[in-house]
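Please read the structure below before turning to the comments.
The values are calculated or read from the model by the stated rules, or taken from the named source; none is laboratory data. Note that this is a predicted model, so its numbers are computed, not measured. Quick reminder, even Gly has a Cβ in these numbers, built from the backbone with ideal geometry, and neighbours come from all protein chains shown. Just so you know, the surface numbers come from the protein's heavy atoms only, side chains and all, with ligands and any DNA or RNA stripped out. Shrake-Rupley method; radii C 1.70, N 1.55, O 1.52, S 1.80 Å.
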Amino acid sequence: MDDLEWISKALELARQGTALASPNPLVGALLVKDGRLIGQGFHTYDGREHAEVRALQAAKAAAKAAEAKADGAAARGATLYINLEPCCYQGRTGPCTEAVLAAGVKRVVAAMPDPNPLVAGRGFEQLRQAGVEVETGLCREQAERLNESFARYIRTGMPLVTLKAGLTLDGKIAAPDDNSGWITSAEAREQVQQQRHAHDAILTGVGTVLADDPLLTDRSGLPRRRPLLRVVMDSHLRIPLTAQMFERVEDDLLIFCAASFDAGADAGAGDEKRKALERRGVEVVPLPPDEASDSRRPGLREAMKELGSRQITSVLMEAGSALNWAALEAGVVDKVFLYYAPKLLGGAESLPLAGGAGIRAMRDALPVEKIRLHHFGPDFAVEGYLHNIYGDISGRD
């Protein structure tokens, strides 16, 4: 096997940490010596040890089992394949660069530098200065996509926000009269559950709750370290106490209401509704509007700051037309994942992806870049980015 095959396997290994590593990055590491895999590991937050340390431990255990020296000598002279630059600072665990050097690894092949400002190329430099051969950039695009939410969070303190929607070919998300049934296919809806599983939080508006009464749960059946946080934007706490999302609450339901509602003229009614929600295990957080906003609604940027403070690194938006536009207008949407079904609705009353005032001039249209197309049964999806997630980080060759 060559470097490309080994680094591809490291990426596959890293994906095993999905929903288990956040707020840390997804990292997979392989130790290879004389063309043979001698140790591997992937990171989970609760497991504490980073992927490269787990791989070194596995190599040491294998050496001991083979009655070789039990001092980690099995890794001496090996190549470490890893999707993310080894860390070089003291966090919950010690610097991984020191563990790599102590084990005698002679070569490191890494897909990308760590976007964490505490690392950002310094880990590579420390290894090079100690005489380790370091090669970077192989499978970099795949590696960046894998850890884009970590990159957004660690650089800004805010989560990566993905606007997801199911649409007809003419861009409609709902019919005006009878909106029962699904727009997209079973295959597309199954993939949505994979999306939910990969995110820390899912966000919707009270309008969607009133119209569809969704559960907003992760039904993938896959393990996760913490529950998918369900977030509802509800300025005046209109959410009914009979909503089915209240049937099972396990510290996973958060409602953002307007600060003016919580403390203003409707404070009495708001306080009673808030107490009723809290008795059901729901957390209600009043938020001010975004800076420079003329709305009294809870600010979406304020909401993302609050979620970031809770170590939420990724948010999947599954909302209605009005909230979709509000999020685009506020500039909080980082990427879109739009599922298109081979159907047409037409009509001025059918709801578009994003309603509201919209953008009035074509020259001001929001550009979506790095487009990728996906197919799910009869449907297709468009994935693209509104923001540069990584910006300029060190370590580029």
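Annotation note: trypsin sites (Lys or Arg not before Pro) in region 132-223 located in DSSP loop regions with a Cβ neighbour count of at most 15 within 10 Å are ARG219.
Taking a ≥ b ≥ c as the square roots of the Cα gyration tensor eigenvalues, with a/c under 1.5 meaning rounded and otherwise prolate when a/b beats b/c, else oblate, which class fits the chain? Judged from the Cα gyration tensor, the chain comes out prolate (a/c at least 1.5, a/b above b/c). Of MET112, MET362, the residue with the largest accessible area leads and the full order is MET362, MET112 (1.4 Å probe). Considering only TYR340, SER309, HIS236, whose Cα is most displaced toward the positive end of the charge dipole of the chain, charges sitting on Cβ of Lys, Arg (+1) and Asp, Glu (-1)? It is SER309. The largest accessible area among MET317, MET1 belongs to the first residue in MET1, MET317, and the rest follow in falling order (1.4 Å probe, all chains). The shape of region 105-150 comes out oblate: with a ≥ b ≥ c from the C-alpha gyration tensor, a/c is at least 1.5 while a/b does not beat b/c. Rounded, prolate or oblate, given the Cα gyration tensor of region 340-387, with a/c below 1.5 counting as rounded? Note, shape of region 340-387 comes out oblate. Could you state the accessible area per residue of the chain in Å², with a 1.4 Å probe and every protein chain left in place? Value returned for the chain: 47 Å² of accessible area per residue.
Applying a threshold of 18 Å to the alpha-carbon distances of LYS172/LYS343; LYS172/LYS370; LYS9/LYS164; LYS335/LYS370; LYS164/LYS305 flags LYS172/LYS370; LYS9/LYS164; LYS164/LYS305 as lying beyond it.
Relative to the longest principal axis of the Cα atoms of the chain, the long axis of helix 300-309 makes an angle of roughly 40 degrees. Only helical runs count toward this figure. For the chain, summing -39,500 (n - 2.57) over DSSP H runs of n ≥ 4 and dividing by all residues gives -8500 deg cm²/dmol at 222 nm. In this Cβ point-charge picture (+1 for Lys and Arg, -1 for Asp and Glu), the chain has a dipole of about 900 debye about its Cα centre. When you count the other C-beta atoms within 10 angstrom of each residue and take the mean per peptide, 176-185, 346-355 line up highest first as 346-355, 176-185. When the solvent-accessible area of the chain is split by element, carbon and sulfur atoms take up 49 percent of it, the probe being 1.4 Å. Within the listed set GLY358, GLY331, GLY281, the residue fluctuating most in the Gaussian network model of the chain (springs between alpha-carbon atoms under 10 angstrom) is GLY358.
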